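Worksheet for the structure shown next.
Derivation of every value follows stated rules applied to the coordinates shown; laboratory data play no part. Not measured: the values here are computed from a predicted model. Positions of Cβ are backbone-derived with ideal geometry, glycine not excepted, and every protein chain shown enters the neighbour counts.
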Amino acid sequence: MGFIEILYAVVNLDAGFIIDLVMQNLLWIAIFYAAGYIFSEGKAPLTRGIVLFALVATTLDIFHITGFSIYTASGLALLYFLRMPVLIYFEKTKGLSQYFALVWIATWFIAVTIVAFWM
């Protein structure tokens with residue numbers, strides 16, 4: 001289920017679709033809440049969980065529209081080799097450590113963009 005379909009249901013106030021979506025995906029709601037709790041260190045788990053869900057849902061839409069996937073050996077290698085030095089730099093630099101979560105998401109979208117133009 002992509003972000004566009006969910007956004008369409010919210011804009012049209014389709015309560016049946018939203019309730020059905022929530023009830024069929026209770027495990028995923030708990031998983032995204034737990035991931036938000038871990039990534040925000042317990043400060044804003046719901047907000048971070050929603051951001052992570054939006055990240056996953058929009059990437060499903062990107063994969064569907066463009067027809068490529070980053071979940072291949074070369075795509076994941078690019079993602080990790082791009083992400084690790086940048087995250088280490090932002091984590092160790094005193095003034096930039098507050099942007100760690102933003103950089104984590106930004107490196108993902110940069111890797112997706114590189115793979116999209118590479119394919």
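Helix 15-24 and the longest principal axis of the Cα set of the chain meet at an angle near 60°.
Based on the Cβ-Cβ distance of ILE19 and ALA101, what FRET efficiency does E = 1/(1 + (r/R0)^6) give at R0 = 35 Å, to the nearest 0.05? The formula returns an efficiency of 0.70 here.
How about the stretch 10-73: which chymotrypsin sites (Phe, Trp or Tyr not before Pro) there are in a DSSP loop, with at most 16 other Cβ atoms within 10 Å of their Cβ?
Sites meeting the loop and neighbour criteria: PHE68, TYR71.
Model label sites at ALA44 and LEU87, defined 7 Å from Cα along the beta-carbon direction, differ in position by 2.0 nm. Relative contact order for the chain: 20 percent, from Cα pairs under 8 Å spaced at least 6 residues apart, divided by residue count. Mind sorting out which of (i) 17.5, 59; (ii) 14.9, 53; (iii) 16.2, 48 is the real Rg and Dmax of the Cα atoms in Å computed from the coordinates? Matching the structure shown: (iii).
Would you calculate, for the chain, the mean residue ellipticity at 222 nm contributed by helices, counting each DSSP H stretch of 4 or more residues as -39,500 (n - 2.57) and dividing by all residues, to the nearest 500?
On the way: 6 runs with 94 residues, N = 119.
After summing the helix terms and dividing by the residues of the chain, the value is -26000 deg cm²/dmol.
Counted by Cβ distance under 15 Å from LEU13, the other residues give a net charge of -3, where Lys and Arg count +1 and Asp and Glu count -1. Within the chain, the longest run free of trypsin sites (Lys or Arg not before Pro) that sit in a DSSP loop with at most 10 other Cβ atoms within 10 Å is 44-93. Residue-wise HN-Hα couplings along the stretch 43-59, as the Karplus relation 6.51 cos²θ - 1.76 cosθ + 1.60 with θ = phi - 60° gives them from phi, are 8, 9, x, 5, 4, 5, x, 5, 5, 5, 4, 4, 4, 5, 5, 5, 5 Hz; Gly and Pro carry x.
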